[in-house]
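Just below is one structure, and these are the notes that go with it.
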Amino acid sequence: MIDVEEHIYEDDPSSGHWDVRTHLKDVSYFFLGNGRIQAAVQIAPGGEGTAVGLLVMNPQKLRKKREALTLDETSGLESTRLGIRTDTQVYFAGETNLQANWSFRRGLPSAVVSWWAGQFEIQEEFFCPHSSRPILARVIRVKNRKDKPVKLTLETGTPFKTLSRGCELPPAAVAEFIVGYLLEADEDRVALDFITSDDITAEAAGIWEKTTQIKFDDRLLDRFFAAARSQLPAVISSQGVVDASIWQYNREWVRDHSWMALGLVHSGQNRLARLVLERLLNDFVTNEGDTIDSSEKRQPDEVELDQNGELLYVLDHYLRWTGDRELIVRYWDRIEALAEFPLQVIFRHEPSGLLTNVREYWERHHAHGIKKGMELAYQLFVSVGLNSAAAMAEVLGKPIHRDRWQKEAARLSQALLKDERYGLVHEERFIKRRGVDGAVHSLIQPQNEAGLPKGSPLASAGEHFLEPDTSEALPLALEFIPAESALGRNTLIHLEQLWGQNWEGGGYGRYHCSSEPDTDGPWPFPSLFVARAYAEAKDFDKVWRILRWMDSLSGSRSGSWFEFYGVPHSPPFAQLGVPPWTWSEMLCLLIHHILGVRPLHHGLHIRPHLFPTIKKVEAGFPLRQGWLQLRIQRHLKDGPARFHSNARILRSSSDDVLLDYSTPNIEVDIDLPLMRGE
């Protein structure tokens, strides 16, 4: 039985300097890293915490924000800020005249911060100049905006060391300084010193050139793509270690990490995707096919069965994109165990054949009032995962495995969709959960031992509803059923109850706020579940509404969103963190759904669902042993889409095309019609 103490954390944000808090007013974090060093540039213009601070971390060690190697409990990140000292004054970045954005002018992700103070114009550029050395570079440029020369001293450092260097700056002149931060992992400390441009090479940029490139004719989509592509690999160690929510949990999940691996595949980081997948298969899956969550192995009634299906699904997509059969062959025993584990009698509900447990998708359990029953997400992902396993078995020439898993996937799918008493369709829409007696599990009541903080919705008086739940969007996002079907439309209508429930500004709660054990508020990555479903339903206004809501949040400047937007009860619950899963969901929305790039085992399927307002896209993807160059234009006056390629077209329709892999470097041009009125 899950111990409620597992959810208890001691990190009190009211203890220590402002900077120990994760959720500062208007804060954004730009995450940088190369697997051997990890950093976050803190931009906090809201008057809480250091306006421009630098957190340096050891990516192998999952820690709280207050435990970053450049943060001091008393002075926070103040020692890391840049100071410009003259004879009469010291200038620091403040709450005004502060800009920050992503840049790729060096060919690799850089966080560029600009600010103005006194007679100076300052630009700071942070990036990892090497792919294999634990170094972060900080290029500082100071311009004298006055018509008189000035003597200045530049100062910055860490809690343990201060650097300073002076110079005389003529009128309109620019001085450049470069600070290097070296992670000494064995000593668990950061060394820093001034370095020269000779210490910055083009080697890392060459690696980034070979990753996914996309240029939309829309600044918001370009920014969100750049943020996700840049930061997802930055937070994963060279050994595949990554926090499921940075600074929050200090734990790992098969579920979260599987989706991170898929995001890495979509962004062309195939080597790193394989590293994460191998670590999951080696360390997070038992010989019997059981998986760990929250870094723990569970009792049968508490196993998150969706994890088996999600890992199988991502392995199959990795194989489709890369053609790397060797990984699948090497770990076939584990893949077979993953597929077979949920099919054990211990999980099976005899009247229906569906899978049962006392744990729901968002990890509420018996103490929160969850009773034994059938959860939509577990049936969905196990069915989808079995089909993925069958597809891999087909590629490897294993017809017995293929046939068995296809049969079991179809059986689960049929029961989920068609069983009138026990299935997960009710009143012509998806539902979250049924009890073993077939009753819709719509209400929960927490147990006395739940240990919920006072003021949390689930601890308050009144009814606590399980419905609706954003996991109900996943069958549409995964194309388990057509999103434009009556079942899909009715489900999306039902989910609209979750938009802006108990808060202003919009966003979807992960489920009905009355059953929230912490604080109610909107969640970005479950909102992207719904965005993906709406993209499949071609309801682009709803997709844009979600993306513009995300752009309104603190964290949008860097594209690093918190798990949810509310004030958590910390302690006993953890401070808010930044889940890498959000970046993967964003990449999936843009690449799989909007651009419609869907490699199959025997051909390349492209089915774009391009926003009506987007007129042009240019994209490049690593694909198997070559490269896919995709160009889409919306300029036809009427008629169906037109597809042109140097690869052989196996079939095409009014909205999609299937190509063979006869050439390693595939070029595709798609001409789309203008929307009505254009």
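See the values below:
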{"read-out": "The one condition in (1) under 26 Å from G35 (Cβ atoms); (2) at pLDDT 95 or above; (3) surrounded by fewer than 17 Cβ atoms within 10 Å (Cβ to Cβ) that S295 fails to fulfil", "value": "(2)"}
{"read-out": "Single residue of L154, L136 found to be within 20 Å of Q89 (Cβ to Cβ) and touching a strand residue (DSSP E or B) at 6+ places or on another chain (Cβ under 6 Å)", "value": "L154"}
{"read-out": "Residue in the stretch 299-311 that is within 29 Å of Y661 (Cα to Cα) and touching a His at 6+ places or on another chain (Cβ under 9 Å) present", "value": "yes"}
{"read-out": "Hey, A205 at pLDDT below 95, outside any loop (DSSP other than H, G, I, E, B) and in contact with a Lys or Arg (Cβ under 8 Å, 6 or more places away or on another chain) or not", "value": "yes"}
{"read-out": "Those strands (runs of 3 or more DSSP E) lying entirely in the stretch 77-162 with at least 3 residues at negative phi and not β-branched (V, I, T)", "value": "98-103, 110-117, 120-127, 135-144, 150-158"}
{"read-out": "Among (1) surrounded by fewer than 18 Cβ atoms within 10 Å (Cβ to Cβ); (2) in contact (Cβ under 8 Å) with a residue 60 or more places away in the chain; (3) in a helix (DSSP H, G or I) - the single one N282 does not satisfy", "value": "(2)"}
{"read-out": "Condition met for F92 (in contact with a Gly (Cβ under 9 Å, 6 or more places away or on another chain), over 23 Å from E67 (Cβ atoms) and surrounded by 16 or more Cβ atoms within 10 Å (Cβ to Cβ))", "value": "yes"}
{"read-out": "Test result for F611, more than 28 Å from L32 (Cβ to Cβ) and among the aromatic types (F, W, Y)", "value": "yes"}
{"read-out": "Members of the stretch 639-651 found to be in contact (Cβ under 8 Å) with a residue 12 or more places away in the chain and either under 17 Å from T663 (Cβ atoms) or in contact with a strand residue (DSSP E or B) (Cβ under 7 Å, 6 or more places away or on another chain) (or both), listed by number", "value": "G639, A641, R642, F643, H644, S645, N646, A647, R648, L650"}
{"read-out": "Close pairs (7 angstrom Cβ cut-off, 6 or more residues apart or separate chains): assigned by TED's automatic domain parsing to the domain that holds Q89 in the stretch 103-132, among the acidic types (D, E) and part of a strand (DSSP E or B) anywhere", "value": "S110/E125; V112/E125; V113/E124"}
{"read-out": "Hits in the stretch 95-140 (condition: surrounded by fewer than 21 Cβ atoms within 10 Å (Cβ to Cβ), of a type in the set (D, E, K, R) and under 30 Å from the mean Cα position of the chain (by Cα))", "value": "E95, R105, R106, E125, R133"}
{"read-out": "Top-ranked residue of the stretch 478-530 - restricted to ones that are of a type in the set (S, T, N, Q) and within 30 Å of S570 (Cα to Cα), ranked as surrounded by the most Cβ atoms within 10 Å (Cβ to Cβ)", "value": "S527"}
{"read-out": "Segments classed as helices (runs of 4 or more DSSP H), wholly inside the stretch 331-434, with at least 1 members that are out of contact with any helix residue (DSSP H, G or I) (no Cβ under 9 Å at 6 or more places or on another chain), farther than 30 Å from G451 by Cα and in the same structural domain as L281 (by TED's automatic domain parsing)", "value": "332-340, 399-418"}
{"read-out": "Residue check, A100 assigned by TED's automatic domain parsing to the domain that holds K161, modelled with pLDDT of 95 or more and touching a Leu at 6+ places or on another chain (Cβ under 7 Å)", "value": "no"}
{"read-out": "Within the stretch 186-222, tally of residues that are within 27 Å of the chain's Cα centre (by Cα) and either surrounded by fewer than 14 Cβ atoms within 10 Å (Cβ to Cβ) or not hydrophobic (A, V, I, L, M, F, W, C) (or both)", "value": "12"}
{"read-out": "Selected residue (only one of S662, S654 is exposed (fewer than 12 other Cβ atoms within 10 Å of the Cβ), under 13 Å from R607 (Cβ atoms) and free of Cβ contacts under 8 Å to residues at least 60 places away in the same chain)", "value": "S654"}
{"read-out": "Filter result for the condition that a residue is under 26 Å from R219 (Cβ atoms) and touching a helix residue (DSSP H, G or I) at 6+ places or on another chain (Cβ under 9 Å), over S471, S514, S552, S527", "value": "S527"}
{"read-out": "Total residues in the stretch 26-79, condition farther than 12 Å from S237 by Cα and basic (K, R)", "value": "4"}
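Yes or no, residue by residue, for (1) farther than 28 Å from D72 by Cα; (2) modelled with pLDDT of 95 or more; (3) among the basic types (K, R):
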site: L136; (1), (2), (3): no, yes, no
site: V142; (1), (2), (3): no, yes, no
site: K148; (1), (2), (3): yes, no, yes
site: L182; (1), (2), (3): no, yes, no
site: L192; (1), (2), (3): no, yes, no
site: S197; (1), (2), (3): yes, no, no
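The values are calculated or read from the model by the stated rules, or taken from the named source; none is laboratory data. Because the structure is predicted, anything quoted here is derived from the model rather than measured. All Cβ positions, glycine included, derive from the backbone under ideal geometry; neighbour counts span all protein chains shown.
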